[in-house]
There are 2 protein chains.
Amino acid sequence: MRTLYHLWLSPQCRKVRILLQEKRLPVHLEVEPIWERRTAFLALNPAGDLPVLVEPEGQTIADHGAICEYLDEAYPEPTLIGADPFSRAEARRLAAWFDTKFDHEVSRPLVAEKVMKRVLNQGEPDSRAIRAAAINLGTHLDYLTWLVDRRKWLAGDAYSLADIAAGAHLSAVDYCGDVPWSDYPQVKDWYVRLKSRPSFRPILSDHIPGAAPPRHYADLDF
Amino acid sequence: MRTLYHLWLSPQCRKVRILLQEKRLPVHLEVEPIWERRTAFLALNPAGDLPVLVEPEGQTIADHGAICEYLDEAYPEPTLIGADPFSRAEARRLAAWFDTKFDHEVSRPLVAEKVMKRVLNQGEPDSRAIRAAAINLGTHLDYLTWLVDRRKWLAGDAYSLADIAAGAHLSAVDYCGDVPWSDYPQVKDWYVRLKSRPSFRPILSDHIPGAAPPRHYADLDF
């Protein structure tokens with residue numbers, strides 16, 4: 001069986017989970033408490049981060065970007081990066097936008113302050129960091145509005161890794177209850193289309209003990 | 001003509017410059033002062049970061065990872081990511097290691113403190129940040145030693161994007177004069193092989209006004 005080492009609210013792990021679902025590849029999920037720095041886990045990935053994929057034959061693949069490229073090469077049906085070099089560059093640009101810029105400015109501080117501190121007993125959330133992330137989120141939602149006003153999917157006509165990465169990050173932020181959906185109706189329409197895909201269902205049924213999602217989190221009609 | 005918007009000591013820009021050389025693709029370099037946030041540049045790349053590639057026909061590609069994948073797809077001779085999905089995953093894992101982990105722990109703070117503060121008149125370098133980066137550099141050089149003791153090139157038998165990314169970062173740190181080469185002879189041997197490649201020559205002739213490199217920087221025998 002294929003195994004994915006992950007954490008529930010890591011957007012990069014969610015991205016790989018959605019991609020695996022799109023390609024109908026069964027996977028066993030293993031929660032990895034990376035803060036414990038287990039020797040056996042560091043042997044799989046000396047960088048110590050998540051996700052890490054172990055294929056059924058035992059080959060290990062680390063780094064979320066490398067995992068997505070690997071899955072799209074090894075299991076090309078359906079291709080989720082794009083049909084020609086320029087579409088592929090655009091899908092990758094936007095996936096990287098969410099996995100670096102959005103991650104740094106929004107999802108990482110929000111998940112860290114609102115969920116991980118509670119789960120790991122690390123004290124009170126830093127309200128200044130949460131406010132800064134909320135302001136940054138608005139800027140990103142403006143950019144998403146600009147994109148979905150002009151394109152069917154984020155990178156163009158085709159659903160791609162860009163939508164998957166963006167959805168993975170927004171779903172983690174939405175789990176924390178922080179997306180002002182009613183102010184961004186076009187982005188909400190696009191997100192409803194993502195939520196309706198079977199690949200999103202496992203993500204929407206996530207439920208972390210001690211940190212329940214808001215009621216609308218799994219609703220398609222929210 | 002193809003144009004690359006870049007900064008001299010950005011390792012991600014150096015990575016793309018080396019890759020372009022390996023593929024014998026001529027390029028015009030344009031220095032972009034990203035701290036000015038020029039409107040015309042933000043129109044090319046709303047993320048505001050470097051490098052950005054503009055192809056001869058005018059198509060724009062942003063994000064260093066997307067640029068490298070694009071170049072290897074559009075100009076596949078020689079392929080520099082690997083021959084099979086697992087070699088490709090290993091080259092990408094290591095390239096990401098340098099572009100995220102090494103960048104965060106070593107090259108970004110060193111270049112920021114030792115060069116950019118001087119160039120931008122931003123005050124004295126933070127000696128604590130420089131000491132921390134130097135300690136982190138030792139850990140990374142240990143990992144590089146482990147890799148080159150076991151493999152011909154970083155990702156395996158073939159020269160790849162992993163060597164290019166690692167060389168790009170180490171060359172930026174070496175420009176600042178901070179690599180303790182004599183303590184890491186195996187890594188030095190591997191780096192000598194990189195430096196000897198024609199693709200590395202333009203990097204070695206970089207010379208930033210007001211921030212000259214140490215004398216050994218361009219020497220093949222150092």
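The values are calculated or read from the model by the stated rules, or taken from the named source; none is laboratory data. This one's a predicted model, so the numbers in the text were calculated from it and none came from an experiment. Neighbour counts are summed over all protein chains in view; Cβ atoms, including those assigned to glycine, are modelled from backbone coordinates with ideal geometry. Note: areas computed on protein heavy atoms with side chains; ligands, DNA, RNA excluded. Shrake-Rupley method; radii C 1.70, N 1.55, O 1.52, S 1.80 Å.
Tabulated results
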quantity	calculated
Candidates A:202, A:198, A:213, filtered to the one that is loosely packed, with under 13 Cβ neighbours inside 10 Å and out of contact with any Gly (no Cβ under 7 Å at 6 or more places or on another chain)	A:198
Close pairs from region B:73-86: first on the phi > 0 side of the Ramachandran plot, partner open to solvent by 50 Å² or more (accessible area, probe 1.4 Å) and in a loop (DSSP other than H, G, I, E, B), Cβ under 9 Å, at least 6 apart	B:82/B:158
Count of residues meeting criterion [β-branched (Val, Ile, Thr), more than 20 Å from residue B:181 (Cα to Cα) and at pLDDT 95 or above] in region B:195-222	0
Breaking point among (1) modelled with pLDDT of 95 or more; (2) crowded, with 17+ Cβ neighbours inside 10 Å; (3) of a type in the set (A, V, I, L, M), for residue A:134	(2)
Residue list for region B:60-114, restricted to those being open to solvent by 30 Å² or more (accessible area, probe 1.4 Å), within 21 Å of residue B:135 (Cβ to Cβ) and at the interface with chain A (Cβ under 10 Å from one of its Cβ atoms)	B:100, B:101
Total residues in region B:36-50, condition more than 12 Å from chain A (Cβ to nearest Cβ) and touching a helix residue (DSSP H, G or I) at 6+ places or on another chain (Cβ under 9 Å)	2
Conditions (1) crowded, with 24+ Cβ neighbours inside 10 Å; (2) free of Cβ contacts under 8 Å to residues at least 12 places away in the same chain; number of the one not met by residue A:152	(1)
Pair list, Cβ under 9 Å, 6 or more apart: region A:109-128 residue closer than 15 Å to residue A:177 by Cβ, other residue modelled with pLDDT of 95 or more and of a type in the set (Ser, Thr, Tyr)	A:111/A:10; A:111/A:175; A:113/A:127; A:115/A:175
Counted residues, region B:185-195 - those being in contact (Cβ under 8 Å) with a residue 40 or more places away in the chain and open to solvent by less than 20 Å² (accessible area, probe 1.4 Å)	2
Residues satisfying the stated conditions in region B:115-139, i.e. touching a helix residue (DSSP H, G or I) at 6+ places or on another chain (Cβ under 6 Å) and within 14 Å of chain A (Cβ to nearest Cβ)	B:136
Of residues in region A:162-184 being open to solvent by less than 10 Å² (accessible area, probe 1.4 Å) and of a type in the set (A, V, I, L, M, F, W, C), the one nearest to residue A:207 (Cα to Cα)	A:172
Flag if residue B:26 is away from chain A (no Cβ under 14 Å), under 14 Å from residue B:4 (Cβ atoms) and not aromatic (Phe, Trp, Tyr)	yes
Residues of region B:33-45 satisfying the condition of being surrounded by 14 or more Cβ atoms within 10 Å (Cβ to Cβ) and either in contact (Cβ under 8 Å) with a residue 60 or more places away in the chain or assigned to a loop (DSSP other than H, G, I, E, B) (or both)	B:45
